[in-house]
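Asks: Submitted below is the structure of interest, expressed as structure tokens.
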Amino acid sequence: MTGPRCRRKHRPSGRQGQSGARASKHPTPETGWTARRGLVAAGGGTEGQDLPSQFKLRNPAAPGDFVQLPVPIIQQLYHWDCGLACSRMVLRYLGQLDDSEFESALRELRLTKSIWTIDLAYLMRHFGVRHRFCTQTLGVDKGYKNQSFYRKHFDTEETRVNQLFAQAKACKVLVEKCTVSVQDIQAHLAQGHVAIVLVNSGVLHCDLCSSPVKYCCFAPSGHRCFCRTPDYQGHFIVLRGYNRATGCIFYNNPAYADRMCSTSLSNFEEARTSYGTDEDILFVYLDS
């Protein structure tokens, strides 16, 4: 198998693709944040417009006790593309999403139905987005071969994914083996940046949702799978804020099209550090 080709930095046209997001049905407290020109709030806003006054940044130097960023909600289309849906959310938040260019990037990077966090890092690099991919394993953990979630694609994907890690530095994809704390994540969000996180969906529980979602990764539509199960179920989400007073973190779950989710920090930590995630987190920065 040939190795991945490095991509030159992509300069987006600034056009937006079609949005399938609907306005959130969940209560959204007034935030202390503004987006730059070109950022779009979920359910509304136009590229090139400033957001309403309630999103204005009061003090960019202070982390604050409450952060809720206007990250648009985009639902995944299939059981396998949650990571791509998260990437679309992030790029639209940055004002850099064009649907035709996104599809072209998927073809150029040869992304198929098996998406790993390293693939998302290469996708950010393709669009010239400043990023930092933190993980516990620089490559594929051979111990995952016996896990049901990974078993089907493990043999065909191991070489490809390891090559991506090996060539990351040459391709200017920033990958680090490191541990990330909740405080690190909150400091990142406090500056208006976002992050894509790999979690165990069998552990993650939204406190705002009345019932588990009936659609998720690697399970047929109509099957309940966002419930506690001994089996690991990998799923990507986008972090968009936190509330120190209540000890919760806000995120977009691409399994939904109409809501922001929230969970306790303890539940979030359990979900993102479960065996199978490698504690993967892709930090994405506004100043891209």
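The values are calculated or read from the model by the stated rules, or taken from the named source; none is laboratory data. Computed from a prediction, not measured in an experiment: that's the story for all the values here. Glycine gets a Cβ as well: all are built from the backbone with ideal geometry, and neighbour counts include every protein chain shown. Heavy atoms of the whole protein, side chains included, go into the accessibility calculation; ligands, DNA and RNA do not. Shrake-Rupley method; radii C 1.70, N 1.55, O 1.52, S 1.80 Å.
Asks: Straight-line reach from Lys113: which aspartates and glutamates have a Cα under 16 Å away, not including same-chain ones fewer than 8 places off?
Replies: Here the aspartates and glutamates satisfying the reach criterion relative to Lys113 are Asp81, Glu103, Asp155, Glu157, Glu158.
Asks: Would you mind getting me the FRET efficiency between Ser100 and Asp258? Use the beta-carbon distance for r and R0 = 35 Å, nearest 0.05.
Replies: Efficiency for this residue pair is about 0.85.
Asks: Counting only residues 5 or more places away or on other chains, whose amide H sits under 5 Å from the amide H of Arg240 once H atoms are built in the peptide plane?
Replies: When sequence neighbours closer than 5 places are left aside, the close amide H contacts are Phe250, Tyr251, Asn252.
Asks: Sequence neighbours fewer than 8 away in the same chain don't count; with that in mind, list the aspartates and glutamates whose C-alpha is under 17 Å from Lys172.
Replies: Qualifying aspartates and glutamates at Cα under 17 Å: Glu108, Asp119, Asp287.
Asks: Over the heavy atoms of Leu138, what accessible area does a 1.4 Å probe trace out, to the nearest 10 Å²?
Replies: Leu138 exposes around 100 Å² with every protein chain in place.
Asks: Mind listing the long-range amide H neighbours of Trp80? Cut-off is under 5 Å, sequence gap 5 or more, other chains count too, H placed in the peptide plane at 1.01 Å from N.
Replies: Phe218
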